[in-house]
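The values are calculated or read from the model by the stated rules, or taken from the named source; none is laboratory data. Fair warning: this is a prediction, and the values are worked out from it, not measured in the lab. Glycine gets a Cβ as well: all are built from the backbone with ideal geometry, and neighbour counts include every protein chain shown.
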Amino acid sequence: MARVLSGVQPSGDFHLGNYLGAFRTWSEQQHEHESFYCIVNLHALTVDPDPAALRERTTNAAVLLLAVGLDPKISTIFVQSQVPEHPRLAWLLECTATMGELRRMTQFKEKAGGSEGVRAGLFTYPVLMAADILLYQADRVPVGDDQRQHLELARELAIRFNHRYGEIFTVPEAFIPKVAARVMDLQHPSQKMSKSLQSPQGTIRLLDDDEAIDRKVRRAVTDTETEVRYDPAAKPGVSNLLEILGAASGKDPAELAHAYSSYRQLKSDVAEAVVEMLRPIRARARELTDDMATVAAVLEEGAARAHEVASATYAKAAEAMGI
Ligand code: ATP
Ligand code: LTN
């Protein structure tokens, strides 16, 4: 059975992009693969969050992962900081990665914006991510399109390590959905929908109520034409709506476009599809919030299971390096 690992930062409210780009695949594929899903709170430290907020978001992240359908009986759900081998392996890998390759990471360049005050942890962030993946000998890593380059680095580090120190790590592959791998912000359709973008009207949060979802979709930025056509470069706003509808309905976004003669009708159908898709998630999250003892137990058991696998891999890697 193939191994799967992926991660999400507890850096804010989860949104439609996280769901369509990642969580939905996680919950669909958990039945076919041995799955590990990690709430990467150490990664979230790279932007200096408020400690109380980080703690709360970490627990809320677990609630949402259960609400989107991860089943703790078959998937291991855990918090990164509870498995000490993550930063330990990250250090070993940092001693194999080069400044040059980390400097090429576009996410770092975007987030750092050339500032000297940016945290060193943001620079080494992709190496910690590689450690997350390699510790579990993951074959497959389901992520949104924005993580493609980080995955390439994880593969490169695994190959390099194996070449230098012996066959220790499985070389992982990215699994990126065909539709909605990069959901764009509804107000700024040239930027991806993001937890940290501070664009409340452009971001559909998984816990938004029906009315908020409807309003945000209806106010989504489109363009001054009237033709409904799938063309991400020329018509990013409309194409994003078609991608969302395609992902929600299992249909091809370009084909869907033919059925519409107005933006209004398209928006109305997108809003309805998203409302229907998210309603059960919201209901389940509400139930779980009343049962935080269960959530805590899931994380405790998840950390124990994760630790078993991670400690075995770490021991092999450290030994191979002469530690
Ligand atoms: P931040 O804004 O804090 O960087 P984020 O919203 O990008 O966060 P992450 O925690 O970094 O979310 O990512 C969790 C998963 O969701 C990743 O697999 C990522 O690729 C995916 N993802 C994030 N944003 C989108 C998006 N707009 N469209 C599709 N997938 C996305
Ligand atoms: N960098 C990722 C989050 C992340 C991750 C991982 C994803 C951290 N560790 C391991 C997949 C596998 C992000 O920002 N989306």
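Just a few scattered comments:
- Only one of S27, S75 that is touching a strand residue (DSSP E or B) at 6+ places or on another chain (Cβ under 8 Å), buried (at least 17 other Cβ atoms within 10 Å of the Cβ), over 21 Å from E152 (Cβ atoms) and at pLDDT 95 or above: S75
- Any pair with Cβ under 9 angstrom, 6 or more apart, that starts in the range 4-18 at a residue that is closer than 21 Å to S81 by Cβ and ends at one that is near ligand 2 (Cβ under 10 Å from one of its atoms) and acidic (D, E): L5/D132; S6/D132; G7/D132
- Yes/no for T98 being exposed (fewer than 14 other Cβ atoms within 10 Å of the Cβ), closer than 26 Å to F161 by Cα and out of contact with any Pro (no Cβ under 7 Å at 6 or more places or on another chain): yes
- Test: residue in the range 124-143 that is small (G, A, S), part of a loop (DSSP other than H, G, I, E, B) and out of contact with any strand residue (DSSP E or B) (no Cβ under 7 Å at 6 or more places or on another chain): no
- Selection of the range 144-166 for residues being more than 13 Å from ligand 2 (Cβ to nearest atom) and either in contact with an Asp or Glu (Cβ under 6 Å, 6 or more places away or on another chain) or not in a helix (DSSP H, G or I) (or both) yields only G166.
- Conditions (1) under 13 Å from the mean Cα position of the chain (by Cα); (2) within 16 Å of G144 (Cα to Cα): number failed by D13: (2)
- Cβ pairs under 7 Å, 6+ apart, first in the range 140-159 and within 14 Å of R104 (Cα to Cα) and of a type in the set (A, V, I, L, M), second at pLDDT 95 or above and within 9 Å of ligand 1 (Cβ to nearest atom): L151/V141; L151/V143
- Considering only residues in the range 1-16 that are within 10 Å of ligand 2 (Cβ to nearest atom) and out of contact with any Asp or Glu (no Cβ under 6 Å at 6 or more places or on another chain), the one that is nearest to P280 (Cα to Cα) turns out to be V8.
- R205 vs. criteria away from ligand 2 (no atom under 13 Å from the Cβ), surrounded by 19 or more Cβ atoms within 10 Å (Cβ to Cβ), basic (K, R) and in contact (Cβ under 8 Å) with a residue 24 or more places away in the chain: yes
- For the range 35-51, the condition of being closer than 25 Å to G121 by Cα, among the aliphatic types (A, V, I, L, M) and at pLDDT below 95 holds for at least one residue.
- Checking V83, V68, V127 one by one, the residue that is buried (at least 23 other Cβ atoms within 10 Å of the Cβ), away from ligand 2 (no atom under 11 Å from the Cβ) and among the aliphatic types (A, V, I, L, M) is V83 and no other.
- Residues in the range 228-257 that are more than 23 Å from R215 (Cβ to Cβ) and without any contact (Cβ under 8 Å) to a residue 24 or more places away in the chain: 7 in all.
- Some residue of the range 178-197 being under 22 Å from the mean Cα position of the chain (by Cα), surrounded by fewer than 15 Cβ atoms within 10 Å (Cβ to Cβ), more than 10 Å from ligand 1 (Cβ to nearest atom) and among the hydroxyl-bearing types (S, T, Y): yes
- Scanning the range 116-123 turns up no residue that is of a type outside the set (D, E), at pLDDT 95 or above and surrounded by 22 or more Cβ atoms within 10 Å (Cβ to Cβ).
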